[in-house]
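One structure below.
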Amino acid sequence: MSRIKDVETARESLRALARVVKATRETLAQAVYHPEQQPTRERQRRLSDTLEHMGDVREGFVLSQRTPLHAELWELRELIQHVLLNWQWVEDMGLLMSPSDQIEFVGNQIIAYQHALVALGILPRLPAQAITFPQPRLTYADVPVPAAPGEMLERIEEIERVLYQAGIAPMERLAFGPLRRTYAFFEASLWLVNHYLPPILSD
């Protein structure tokens with residue numbers, strides 16, 4: 001009985017992930033093709049939901065880490081600084097942290113992080129028909145895949161920053177590179193959802 005409940009819980013997490021990915025890709029597409037438009041309340045609401053999802057991705061990243069046997073000292077220092085000591089990014093994004101008396105169970109975070117890991121990994125090989133970002137060539141072959149924990153954390157933080165900025169300013173004000181990489185991440189995420197989740201969610 002417990003196994004059935006665990007499977008259904010995992011399916012519900014995947015359904016929630018699919019909803020966020022689809023809504024975010026749709027929201028970013030509307031904004032990118034109308035870069036001069038001010039963010040609407042609907043865009044702000046959707047991107048706020050996405051930021052919560054990226055919070056799960058970040059937590060999943062932290063929970064999934066294992067210290068490599070041959071890790072560079074500088075990278076270990078940087079990870080400790082980012083993950084454990086430096087919460088300036090929270091203040092920069094206008095978010096508040098408050099203690100909670102609720103216990104949060106591990107689950108969504110690992111699923112969210114593993115999905116993000118696969119999405120970032122397939123970006124350079126994403127089929128042209130899955131790409132809608134306005135660019136001369138329909139490819140993300142130039143977008144590097146994070147190879148080290150520090151690079152992965154930097155990409156997560158970049159996506160969070162772009163989502164936050166997209167909720168308060170027109171797209172034309174955002175830096176092109178980070179915006180394109182963030183848009184690409186959600187295109188790859190949507191491609192994974194459309195091609196691999198339906199059989200799981202329909203069982």
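The values are calculated or read from the model by the stated rules, or taken from the named source; none is laboratory data. These numbers come from a predicted model, not from an experiment. Ideal geometry is used to build each Cβ from the backbone, glycine not excepted, and the neighbour counts take in all protein chains shown.
Annotations for the structure displayed:
- Of all residues in the stretch 162-179, those that are within 15 Å of SER48 (Cβ to Cβ) have Cβ atoms under 9 Å from Cβ atoms of residues that are surrounded by fewer than 21 Cβ atoms within 10 Å (Cβ to Cβ) and among the hydroxyl-bearing types (Ser, Thr, Tyr), 6 or more apart or on another chain, in LEU163/SER48; GLY167/SER48.
- When each of GLU42, GLU75, GLU26 is tested for being in a helix (DSSP H, G or I), at pLDDT below 55 and among the acidic types (Asp, Glu), the lone residue that passes is GLU75.
- Restricting the stretch 23-50 to residues that are over 21 Å from PHE133 (Cα atoms) and not acidic (Asp, Glu), the residue that is farthest from the chain's Cα centre (by Cα): ARG41
- Answer residue from the stretch 105-137, given it is of a type in the set (Gly, Ala, Ser), farther than 12 Å from ALA188 by Cβ and in a helix (DSSP H, G or I) and is farthest from the chain's Cα centre (by Cα) among those: ALA128
- Condition check for PRO146 on (1) touching a Leu at 6+ places or on another chain (Cβ under 7 Å); (2) surrounded by fewer than 14 Cβ atoms within 10 Å (Cβ to Cβ): one failure, at (2).
- Every residue from the stretch 23-56 that is touching a Leu at 6+ places or on another chain (Cβ under 6 Å) and among the basic types (Lys, Arg): ARG25
- Test for PRO178: is it out of contact with any Ser or Thr (no Cβ under 6 Å at 6 or more places or on another chain), assigned to a loop (DSSP other than H, G, I, E, B) and not charged (D, E, K, R): no
- Being buried (at least 21 other Cβ atoms within 10 Å of the Cβ) and either part of a helix (DSSP H, G or I) or in contact with a Gly (Cβ under 9 Å, 6 or more places away or on another chain) (or both) holds for only one residue in TYR183, TYR140, TYR164, and it is TYR183.
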